[in-house]
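I'd like to ask you about the structure that follows.
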Amino acid sequence: MSFHPIEQAPGRLNRSELAVPGSQPQMFEKAAQSDVDVIFLDLEDAVAPDEKAQARKNIIKALNEVDWNTKTMSVRINGLDTHYMYRDVVDILEQGGDRLDLFMIPKVGTAADVYAVDMLATQVEDAMGLTKRVGFEHIIETALGMQNVNDIAAASKRNESLHFGVADYAASMRARTTVIGGVNPHYSVLTDADDAGNRDVHWGDMWHSALTNMVVAARANGLRPIDGPFGDFSDPEGYKAAAYRAAVLGCEGKWAIHPSQIALANEVMSPSEAEVEKANRILVAMAEAEAAGKGAVSLDGRLIDYASIRQAEVLVEKAKQIAA
Ligand code: GLV
Ligand code: MG
């Protein structure tokens, strides 16, 4: 290991994260009773400008009055380029009560953006005498944010997670995309012709590199990498394919922009029984190997070593968290 320590963000379960517009209070109860891990009440892009003030009031009331049970509660504030943002931070912190866990900061572009919100939040919390510090989730969804993702990830002790905001990212990059978080047939490889003249088209994932960059920045700073929205909620198979791609790369969770996507995210982002069983067998086999003075052994015809222990431990720990 490097001599550089990586402090891990609080170990919250974040398999699914439901977006709920602050301007739609009739949706709050249903969200509270769902199986989602994290809820973000939105003040940003799902709320029209002339509804912002009322949405803020709705969220404050709901944070105080709705029984959110064990959910992690977040509020997506407005961007730093708007005049709504300071009042989002001040009013929600001053009046939202102790049920608030996180602020989600959209379109974060530089470490200074994080610093600015941190400074404001600190002033309000200190003035209120609050000991609980609100954590930060950052949406990486602009070219600038992606360029500075490492600095953003390291910019505050409040940081907990990075989210890939694929919709705004596509807009910022002027990428050619059809459905939010989906694939584009033009991002594909055309194979050379075989003897019969046939050619295959292999679709690629146009988001692979961007998502990977964000996952690296998150993990290098002890934060949770979370995949963002998948727009077509009538396509559960497409959603699951996107979620699996993100999970394979190391993401811990994915957004749900519709309640029907919560179960899909929870399923994909939870280790399967077979995976947990295998991980437990690896831990037993490695403990036996160590007792016999060996650093590597074979299990089911494959090499396992100390790296296998670390992977297995992560999996078993996640399974315990879910069971709890
Ligand atoms: C989320 O905010 C996105 O733009 O994808
Ligand atoms: Mg966005």
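Scan segment 143-179 residue by residue and report those that are away from ligand 1 (no atom under 14 Å from the Cβ), buried (at least 16 other Cβ atoms within 10 Å of the Cβ) and more than 21 Å from Val114 (Cα to Cα).
Those that are away from ligand 1 (no atom under 14 Å from the Cβ), buried (at least 16 other Cβ atoms within 10 Å of the Cβ) and more than 21 Å from Val114 (Cα to Cα): none in segment 143-179.
Please list, ordered by first then second residue, the pairs with beta carbon atoms under 8 Å, 6 or more apart or interchain, first in segment 37-64 and under 16 Å from Arg99 (Cα atoms), second acidic (Asp, Glu) and open to solvent by 10 Å² or more (accessible area, probe 1.4 Å).
Arg56/Asp91; Ile60/Asp91
Among the residues of segment 124-139, what is the count of those that are farther than 30 Å from Asn213 by Cα and either buried (at least 16 other Cβ atoms within 10 Å of the Cβ) or under 13 Å from the mean Cα position of the chain (by Cα) (or both)?
Our first condition is that a residue be farther than 30 Å from Asn213 by Cα; within segment 124-139, this holds for 124-132.
Still in the list and also either buried (at least 16 other Cβ atoms within 10 Å of the Cβ) or under 13 Å from the mean Cα position of the chain (by Cα) (or both): 124-125.
Summing the residues that are farther than 30 Å from Asn213 by Cα and either buried (at least 16 other Cβ atoms within 10 Å of the Cβ) or under 13 Å from the mean Cα position of the chain (by Cα) (or both) in segment 124-139 gives 2.
How many residues does segment 121-154 contain that are of a type in the set (A, V, I, L, M) and touching a Leu at 6+ places or on another chain (Cβ under 9 Å)? Give the steps one after another, and end with the answer.
Step one: of segment 121-154, the residues of a type in the set (A, V, I, L, M) are 121, 124, 127-128, 130, 134, 139-140, 143-144, 146, 149, 152-154.
Narrowing further to those that are touching a Leu at 6+ places or on another chain (Cβ under 9 Å): 121, 124, 128, 130, 134, 139-140, 149, 152-153.
Qualifying residue count for the region: 10.
Inside segment 180-196, can you point out the residues that are small (Gly, Ala, Ser) and open to solvent by less than 70 Å² (accessible area, probe 1.4 Å)? Explain how you work it out, then say what you get.
First, the residues of segment 180-196 that are small (Gly, Ala, Ser): 181-182, 188, 193, 196.
Result: Gly181, Gly182, Ser188, Ala193.
Same structure again: Considering only residues that are in contact with a Lys or Arg (Cβ under 9 Å, 6 or more places away or on another chain), of a type in the set (A, V, I, L, M, F, W, C), open to solvent by less than 20 Å² (accessible area, probe 1.4 Å) and not in a loop (DSSP other than H, G, I, E, B), which ones fall in segment 29-61?
Ala31, Ala32, Val38, Ile39, Phe40, Leu41, listed by residue number.
Given the conditions (1) within 16 Å of the chain's Cα centre (by Cα); (2) open to solvent by 50 Å² or more (accessible area, probe 1.4 Å); (3) in the same structural domain as Gly97 (by TED's automatic domain parsing), and given that Val20 satisfies all but one, which numbered condition is not satisfied?
Against the list (1) within 16 Å of the chain's Cα centre (by Cα); (2) open to solvent by 50 Å² or more (accessible area, probe 1.4 Å); (3) in the same structural domain as Gly97 (by TED's automatic domain parsing), Val20 comes up short only on (2).
Would you be able to say whether some residue in segment 65-82 is away from ligand 1 (no atom under 16 Å from the Cβ), open to solvent by less than 10 Å² (accessible area, probe 1.4 Å) and either closer than 16 Å to Lys52 by Cα or at pLDDT below 95 (or both)?
No, segment 65-82 contains no residue that is away from ligand 1 (no atom under 16 Å from the Cβ), open to solvent by less than 10 Å² (accessible area, probe 1.4 Å) and either closer than 16 Å to Lys52 by Cα or at pLDDT below 95 (or both).
Can you tell which of Leu249, Leu162 is among the aliphatic types (A, V, I, L, M), within 16 Å of ligand 2 (Cβ to nearest atom), in contact with a helix residue (DSSP H, G or I) (Cβ under 6 Å, 6 or more places away or on another chain) and under 25 Å from Leu102 (Cα atoms)?
Working: Leu249 fails: within 16 Å of ligand 2 (Cβ to nearest atom).
Result: Leu162 is the single residue among Leu249, Leu162 that is among the aliphatic types (A, V, I, L, M), within 16 Å of ligand 2 (Cβ to nearest atom), in contact with a helix residue (DSSP H, G or I) (Cβ under 6 Å, 6 or more places away or on another chain) and under 25 Å from Leu102 (Cα atoms).
The values are calculated or read from the model by the stated rules, or taken from the named source; none is laboratory data. All values derive from a computational prediction rather than experimental measurement. Backbone-built Cβ (ideal geometry, glycine too); neighbour counts: all protein chains shown. Areas reflect the complete protein model, heavy atoms only, side chains present, ligands, DNA and RNA absent. Shrake-Rupley method; radii C 1.70, N 1.55, O 1.52, S 1.80 Å.
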